Amino acid sequence: MRIEVVAAVTSREWSANLDCDEGTTVREIFELAKQLDAFADAPLADADGFSVWGEQVDLDHVLCAGDRVEILRKLRQAPMDMRREHAKDGATK
């Protein structure tokens, strides 16, 4: 079966399609991705979780054909704090 694996930071995105066996877990696909040249400079050590099609899953989640596994990273700032900061900056201009 074919699985897409993606990771992203503010200015860069990594993506690869992997062929794997039925019953493959997120943990196994993550280990495969770490071995790919496509992810050589991706910050995979900073992974803070995983999601499949936007829904957070654990490492033992069994994947289905066509799934998109997203490697999540820690946020540098909470989204609400970012919006407040942008609103404050906009009000002073």
*asked:* Taking the condition of being under 14 Å from residue 7 (Cβ atoms) and polar (S, T, N, Q), how many residues in segment 36-74 meet it?
replied: 1
_Close pairs from segment 57-70: first in contact (Cβ under 8 Å) with a residue 24 or more places away in the chain and under 13 Å from residue 28 (Cβ atoms), partner open to solvent by less than 80 Å² (accessible area, probe 1.4 Å) and assigned to a loop (DSSP other than H, G, I, E, B), Cβ under 8 Å, at least 6 apart_ = 62/23; 62/24; 63/1; 63/20; 63/24; 69/63
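Can you confirm whether segment 35-54 contains a residue that is in a loop (DSSP other than H, G, I, E, B) and aromatic (Phe, Trp, Tyr)? Break it down into steps so the answer makes sense when it comes.
Going residue by residue through segment 35-54, those that are in a loop (DSSP other than H, G, I, E, B) are 35-36, 40-43, 53-54.
Now drop any that are not aromatic (Phe, Trp, Tyr), which leaves 53.
Yes, segment 35-54 contains a residue that is in a loop (DSSP other than H, G, I, E, B) and aromatic (Phe, Trp, Tyr).
When the residues of segment 8-34 are filtered to those that are open to solvent by 40 Å² or more (accessible area, probe 1.4 Å) and either within 16 Å of residue 53 (Cβ to Cβ) or assigned to a strand (DSSP E or B) (or both), which remaining residue is modelled with the lowest pLDDT? I'd like the intermediate steps shown before the answer.
Step one: of segment 8-34, the residues open to solvent by 40 Å² or more (accessible area, probe 1.4 Å) are 8-13, 15, 17, 19, 21-23, 27-28, 31-32, 34.
From the residues that got through so far, the ones that are either within 16 Å of residue 53 (Cβ to Cβ) or assigned to a strand (DSSP E or B) (or both) too are 8-9, 12-13, 15, 17, 19.
Numbers: 8: 88, 9: 81, 12: 89, 13: 91, 15: 94, 17: 96, 19: 95.
Filtering first and then ranking leaves 9.
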_Residue within segment 73-88 that is part of a strand (DSSP E or B) and open to solvent by less than 50 Å² (accessible area, probe 1.4 Å) present_ = no
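The values are calculated or read from the model by the stated rules, or taken from the named source; none is laboratory data. Note that the structure is predicted; figures quoted are calculated from it, not measured. Because the Cβ atoms are built from the backbone with ideal geometry, glycine has one as well, and the counts that use them run over all protein chains shown. Surface accessibility is based on the protein's heavy atoms, side chains included, excluding ligands, DNA and RNA. Shrake-Rupley method; radii C 1.70, N 1.55, O 1.52, S 1.80 Å.
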